[in-house]
Amino acid sequence: MFTGAGGAAVVVNPGGTALTVTTGTLALAGAFATTGAFSTTFAQQASVTLTLPAASDTLATLSQPETLSNKTLVAPALGTPTSGVMTNVTGTAAGLTVGSATTATTATNVSGGTASVTTLAASGTVSGAGFAALLASPSAIGSTAPSTGAFTTLAASSTVSGAGFTALFASPPAIGGTAASSGKFTTVSASGQITSTVTTGTAPLVIASTTNVANLNASSLSGATFASPGAIGSGSASTGAFTTLNNTTASGSALNGTLGATAAASALVTTLGASGLITPTSTAGIAGTSTNDNPSAGSIGEFAEVILPGTAATVTMTIAAPCVVTYTSHGMAVNGNCAGCLAVYFTTTGALPTGLAINTTYYATIIDANTFHLSTTIANAFAGTYITTTGSQSGTQTCALQAYTSANGTNDAAALDLTAGDWDVSGSVSTSDGGTNTSMTVWTSTVSKTTPGAPYFGRLNQWVGSVSAVVPTLTVGTSRYLLSGTTPVYLSGTCGSSAAFGLSGYMRARRAR
């Protein structure tokens with residue numbers, strides 16, 4: 001061990017074990033070096049100042065805290081400090097746990113303390129009482145100096161003002177930019193068209209007010225166009241004033257008085273219903289038709305007729321369901337709006353197909369001028385129930401347009417299916433007879449093959465005499481038929497004949513009302 005006097009420099013040569021300076025300063029004029037496998041240790045006895053005069057020195061301190069004054073650390077490797085206080089940090093501040101970065105930069109993983117940064121990036125949740133208070137009551141965007149911002153939704157509880165807003169609203173872009181968006185407005189005014197692109201099934205406008213809109217033009221109303229409008233008043237009749245009234249049906253208690261108010265005017269209607277009398281002037285009356293057409297079904301003057309000529313000719317028939325008979329230019333007719341059918345029977349030189357028999361009355365429903373269907377009864381004919389033929393046929397088939405009737409028998413020659421109303425009916429019946437005929441009675445009736453009883457004897461005509469091989473014809477006078485529903489009216493006859501005979505004829509009906 002060497003001990004130096006105060007204020008004196010002591011130089012220790014290698015090999016010494018210790019150097020003790022009890023007072024004063026130990027100055028190293030050059031490098032202090034040791035050799036060998038040992039370290040040089042400075043043991044502090046009191047407050048010691050160590051001065052390193054060189055521009056670049058290396059110092060390995062002890063384990064106790066040290067204070068460095070007036071030294072600049074150039075690119076120091078600080079390691080992982082447990083704590084530290086820095087008044088000015090520049091560059092990339094990464095891993096700061098406490099402190100304040102006064103120069104704006106990008107900071108990540110900042111926790112605790114305060115920080116002022118330009119961009120704050122976080123991989124997790126940013127939280128804390130400061131953030132909660134700020135977002136609950138944020139300051140003005142840009143503070144006292146306006147700044148910029150992009151928003152998905154911008155809501156304001158008070159006035160939004162500024163030169164930028166004034167310019168924007170003076171010449172605003174399309175709402176939603178190029179992609180349509182939504183908005184609420186107190187008043188919307190447009191100098192051009194307002195176009196809605198919603199699909200059918202969604203109303204383009206929803207209006208709460210029931211006040212009429214002036215100058216609102218539309219091509220349809222509740223799905224109906226004005227060329228084909230819905231009923232006025234819909235299910236509940238309403239009122240209206242018309243210059244010209246054209247409609248298919250004009251009825252109801254509200255349609256009273258003279259059409260045209262106090263001065264008679266004109267109106268074109270398809271159906272006119274009235275609960276009271278329709279009174280024409282004494283000279284004008286109700287105009288009739290000026291052409292050769294038939295009145296519509298249900299109209300006054302409606303006409304119906306059946307014609308059974310009584311002729312016979314060779315025919316063909318199908319084996320089918322239903323059977324169709326072809327009789328070229330048969331001459332039978334059913335005219336008017338009511339259904340009708342006529343009696344026929346067949347003879348053959350061979351065999352008829354299964355389903356038909358010779359000398360049996362069938363009733364024809366006309367298809368056209370050359371063909372017709374067959375039914376076993378008048379009721380079946382009106383119901384559309386036709387005969388089906390099967391099997392085979394042979395020989396020549398002949399059809400007589402008559403009702404085949406046995407000697408002294410009764411049969412129906414034809415029938416009309418008249419609709420409800422007040423009808424006048426008349427007709428005539430002819431017979432073809434190869435035997436002696438002593439009497440003949442013909443009539444119309446609502447009961448098949450039955451003469452009318454009292455008080456309807458006016459519906460029949462009777463002849464009594466004795467003739468042989470003649471074809472007498474008797475007319476049936478006009479009789480009234482007041483029908484509550486669709487009802488068959490039959491044209492029938494009987495003869496006091498010594499042989500079978502045929503009945504043919506004609507029946508007509510006219511609707512009185």
Inset, instruction - Quick one: P(r) of region 340-466 from all Cα-Cα pairs, 5 Å bins, percents rounded to integers, in order of increasing distance. - result: 2, 9, 17, 20, 19, 15, 10, 6, 2, 1, 0
Legend entry - Efficiency of FRET between L277 and A454 - r from beta-carbon atoms, R0 35 angstrom, step 0.05: 0.55
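Using the 2.2 N^0.38 Å rule of thumb for compact globular proteins, work out how region 297-513 stacks up: its C-alpha Rg over that value, please. Could the numbers behind the result be given before it?
On the way: Rg = 17.1 Å, N = 217, 2.2 N^0.38 = 17.0 Å.
My calculation over the Cα atoms of region 297-513 gives 1.01.
If you take the alpha carbon radius of gyration of region 273-425 and divide it by 2.2 N^0.38 Å, what ratio comes out, to two decimals?
Here the answer is 1.34, to two decimals.
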Inset, instruction - Neighbouring Cβ atoms within 10 Å as the yardstick, rank F303, F185, F165, F346 fewest first. - result: F185, F165, F303, F346
Inset, instruction - Report the relative contact order of region 297-513, percent, no decimals, based on alpha-carbon pairs under 8 angstrom and at least 6 residues apart. - result: 27
Legend entry - region 477-492-region 304-355 distance, computed between alpha-carbon centres (Å): 24
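Could you give the length gained by full extension between S498 and S171, i.e. 0.36 nm per residue of separation minus their alpha carbon distance, to one decimal place? Provide the component values of the computation, followed by the final result.
Details: separation 327, 0.36 × 327 = 117.72 nm, distance 11.16 nm.
Roughly 106.6 nm would be gained on extension.
Read-outs throughout are calculated quantities, based only on the coordinates presented, and are distinct from any laboratory measurement. What you see is a predicted model; the values in this text were computed from it and never measured. Neighbour counts are summed over all protein chains in view; Cβ atoms, including those assigned to glycine, are modelled from backbone coordinates with ideal geometry.
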